[in-house]
Amino acid sequence: MSTERKSFQQNRSWIIAASLLALFLGALDALVMSAAMPTVISDLGGLHLYAWAYSSYFLSRAVSLPIFGKLSDLYAVKKLFLFAISLFVLSSVAAGASPAMGFLVAMRVFQGLGTGGIFALVYVVLSDVSTKDERPKVLSFASSIWGIASLVGPTLGGFIVTWFSWRWIFYINLPLGLFSFLGIAIFFKEFREKPKEVYLDWAGVTLLTGFILGLLTLVMVAGRDFPWRSFEVLCLSTLTLAMGMGFYFAERRAKDPMIDFRFFRYPGFALGNATTFCASFAIFAMFAYGPLFLQGGRGFSPIQVGYAMLSLSLGWSVGAMAIGRTMHRFGKKKVAITGSLLMITGCALTLGFSGTTTMLDCFPVFFVQGAGMGFISLSTLLIVQESLDAKDLGVGTSFHQFSRTIGGAIGVGVCGGFVTTRLLNRLENAETALPETLMTQLQGGIEHLLQPEFQAIVPDAIVDTLQSAVMDSVFSTFVIALLVSIIGLGTALALPGHQQEDVRDHSMALPQPLREDDHDGK
């Protein structure tokens with residue numbers, strides 16, 4: 001056995017652990033932030049920037065995902081990964097030392113850029129250090145991280161804020177990030193060959209960034225902060241469309257495009273991303289508006305709602321972990337179809353939710369939905385990866401993550417528009433009118449329904465009316481999620497099976513796993 005192969009096998013576990021730790025930091029960040037924000041606002045002020053502490057992070061993360069994916073096919077993944085971890089850790093430390101809310105928002109932008117790089121590169125690294133047969137199992141570890149972060153995040157955030165300071169939700173990233181940095185720096189060795197000549201598509205990067213920012217901003221503000229037919233929304237829509245068209249034509253002429261549109265001719269790439277887009281649309285809409293139904297409609301406590309939504313995260317993690325170890329028995333297409341059927345089943349069961357729905361009713365429904373997402377996210381990632389050459393692994397992997405991000409953002413935005421419109425209409429036409437001050441708050445954002453100070457001033461006489469209106473409005477989310485899940489089943493059924501004809505050559509210079517009959521010198 002060669003020294004290189006022996007070293008690779010010994011270091012592989014450290015590489016996987018370091019990569020998963022980096023992913024854990026990124027997954028944990030948004031969750032602990034939500035628990036700390038009220039304290040942050042009371043300390044730094046800047047209430048008008050409250051939403052931007054989340055939005056700036058989300059937008060920059062979405063932008064950096066495809067960019068880091070493309071760069072990983074051109075440059076050394078190790079250097080890129082170390083840069084992404086460093087950017088995330090340093091901006092976290094700076095965020096912890098924020099003197100004002102505006103500075104914190106700016107640091108959240110850099111945190112998002114680093115997190116996007118981590119999210120893109122973790123899956124590339126895990127794929128790089130795994131043989132084809134091992135990939136499902138190794139990549140399933142990454143899915144388990146999201147479940148662990150969901151368990152630990154809110155509790156850890158509350159603990160840190162209570163016993164230390166909100167600043168330590170950022171400072172804690174320093175020691176953990178250092179361990180991840182050292183693990184990658186010391187043990188990771190890349191085996192994929194990179195091009196000797198690199199042509200950076202600066203026009204593509206610029207136009208894609210503008211398109212993503214425009215699209216996601218449109219999803220977040222249209223129908224909420226500005227009416228759909230407002231001047232602001234029309235201008236933003238026009239600019240986003242222009243950026244998108246400009247990106248398409250720029251990529252057609254680019255020598256080495258950010259995204260080669262010929263990839264969409266491959267069924268595995270196009271349909272795999274479409275399937276995960278639909279699944280993400282449905283699952284993240286459920287993450288966003290399931291709590292509104294349970295707390296605002298059924299009157300459950302925040303802790304009860306947290307437990308219910310936790311079953312959604314656990315289902316995702318358990319589903320991915322379980323199928324990662326058994327996928328070779330069934331095939332990726334069958335797993336994707338099964339996941340889509342589970343998603344449809346879960347979404348269909350939510351249509352039976354009513355004013356008598358209990359917490360015990362919610363647990364299995366959300367768990368089934370989560371398990372379906374676990375099946376789909378892992379199987380489609382593998383299908384997308386195998387539909388491209390090894391040299392395009394970064395683009396394929398990051399675009400799959402990007403499809404999940406965009407699917408979730410559009411799902412939350414579209415369903416939010418329906419929920420908001422339906423809720424306000426119901427309340428305006430209700431026999432018992434909601435006080436004008438409360439209606440004004442709801443018009444500024446239906447998330448006020450979940451705030452204790454809002455609930456405390458709702459008159460007892462209209463509690464039932466308000467809860468009924470909430471349940472009726474969120475019902476539209478359940479219907480939309482079901483319809484999109486059915487579309488996802490259609491794309492899953494159309495996926496190529498087994499070794500599809502459109503699969504490119506994905507042979508790698510990766511050392512193969514050792515067999516028991518391997519001996520030194522052979």
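So residue 107 clears everything in (1) within 23 Å of the chain's Cα centre (by Cα); (2) surrounded by 22 or more Cβ atoms within 10 Å (Cβ to Cβ); (3) touching a residue at least 24 places away in the same chain (Cβ under 8 Å) except one condition, right? Which one?
(3)
Name the residue, out of 277, 249, 264, 269, that is among the aromatic types (Phe, Trp, Tyr), more than 25 Å from the chain's Cα centre (by Cα), assigned to a helix (DSSP H, G or I) and closer than 30 Å to residue 213 by Cα.
After ruling out the rest, the residue left standing is 249.
Among all residue pairs at least 6 apart or on different chains, which show Cβ distances below 9 Å where the first residue, located in the stretch 191-204, is under 16 Å from residue 391 (Cβ atoms) and in contact (Cβ under 8 Å) with a residue 40 or more places away in the chain and the second is small (Gly, Ala, Ser) and open to solvent by 60 Å² or more (accessible area, probe 1.4 Å)?
191/509; 192/509; 193/509
Which of the residues that make up the stretch 215-244 are touching a Gly at 6+ places or on another chain (Cβ under 9 Å), open to solvent by 80 Å² or more (accessible area, probe 1.4 Å) and more than 22 Å from residue 411 (Cβ to Cβ)?
239
How many residues does the stretch 292-333 hold that are free of Cβ contacts under 8 Å to residues at least 40 places away in the same chain, part of a helix (DSSP H, G or I) and over 16 Å from residue 378 (Cα atoms)?
Result for the stretch 292-333: 2.
Are there any pairs with C-beta distances below 9 angstrom linking a residue in the stretch 411-425 that is more than 12 Å from residue 472 (Cβ to Cβ) to a residue that is among the charged types (D, E, K, R) and open to solvent by 10 Å² or more (accessible area, probe 1.4 Å), with the two at least 6 apart or on different chains, and if so which?
Short answer, once both residue conditions are applied: 413/224; 416/224; 417/224; 420/224.
Within the stretch 146-198, track down each residue that is over 25 Å from the mean Cα position of the chain (by Cα), at pLDDT 80 or above and of a type in the set (Val, Ile, Thr).
Result: 186, single match.
Quick check on my filter: what residues within the stretch 465-488 are surrounded by fewer than 19 Cβ atoms within 10 Å (Cβ to Cβ) and under 26 Å from residue 276 (Cα atoms)?
Answer for the stretch 465-488, where residues must be surrounded by fewer than 19 Cβ atoms within 10 Å (Cβ to Cβ) and under 26 Å from residue 276 (Cα atoms): 476, 479, 483, 486, 487.
Checking the structure you have, find out if any residue of the stretch 187-197 is farther than 22 Å from residue 59 by Cβ and part of a helix (DSSP H, G or I).
yes
What's the number of the only condition in (1) surrounded by fewer than 22 Cβ atoms within 10 Å (Cβ to Cβ); (2) touching a Phe, Trp or Tyr at 6+ places or on another chain (Cβ under 8 Å) that residue 319 fails to meet?
So the condition that residue 319 fails would be (1).
Restrict the check to the stretch 131-143 and report whether at least one residue is closer than 21 Å to residue 380 by Cβ, surrounded by fewer than 21 Cβ atoms within 10 Å (Cβ to Cβ), acidic (Asp, Glu) and touching a His at 6+ places or on another chain (Cβ under 9 Å).
So far as the stretch 131-143 goes, yes, one or more of its residues are closer than 21 Å to residue 380 by Cβ, surrounded by fewer than 21 Cβ atoms within 10 Å (Cβ to Cβ), acidic (Asp, Glu) and touching a His at 6+ places or on another chain (Cβ under 9 Å).
For the stretch 252-261, give me each residue that is charged (D, E, K, R) and not in a loop (DSSP other than H, G, I, E, B).
Of everything in the stretch 252-261, those that are charged (D, E, K, R) and not in a loop (DSSP other than H, G, I, E, B) turn out to be 252, 253.
Read through the list (1) over 25 Å from residue 251 (Cβ atoms); (2) open to solvent by less than 10 Å² (accessible area, probe 1.4 Å), then give the number of the only condition that residue 120 fails.
For residue 120, the failing item is (1).
Scan the stretch 346-358 for residues that are open to solvent by less than 30 Å² (accessible area, probe 1.4 Å), part of a helix (DSSP H, G or I) and either in contact with a His (Cβ under 9 Å, 6 or more places away or on another chain) or of a type in the set (A, V, I, L, M, F, W, C) (or both) and report the count.
So the count comes out to 1.
So, in the stretch 64-99, exactly how many residues are at pLDDT below 90, over 21 Å from the mean Cα position of the chain (by Cα) and part of a helix (DSSP H, G or I)?
Of the residues in the stretch 64-99, 7 are at pLDDT below 90, over 21 Å from the mean Cα position of the chain (by Cα) and part of a helix (DSSP H, G or I).
For the stretch 334-345, give me each residue that is over 15 Å from residue 380 (Cα atoms) and surrounded by fewer than 18 Cβ atoms within 10 Å (Cβ to Cβ).
Passing the criteria: only 345.
Show the residue pairs that are 6+ apart or on different chains and have beta-carbon atoms under 7 Å apart, the first residue being within the stretch 239-256 and under 24 Å from residue 218 (Cβ atoms), the second being modelled with pLDDT under 90 and not in a helix (DSSP H, G or I).
From the stretch 239-256, the pairs are 251/257; 251/258; 251/259.
The values are calculated or read from the model by the stated rules, or taken from the named source; none is laboratory data. These figures come from a predicted structure and were not determined experimentally. When we count neighbours, we look across all protein chains shown, and the Cβ atoms used for this are built from the backbone with ideal geometry, even at glycine. Quick note on the areas: whole protein, heavy atoms, side chains included, nothing else; ligands and nucleic acids left out. Shrake-Rupley method; radii C 1.70, N 1.55, O 1.52, S 1.80 Å.
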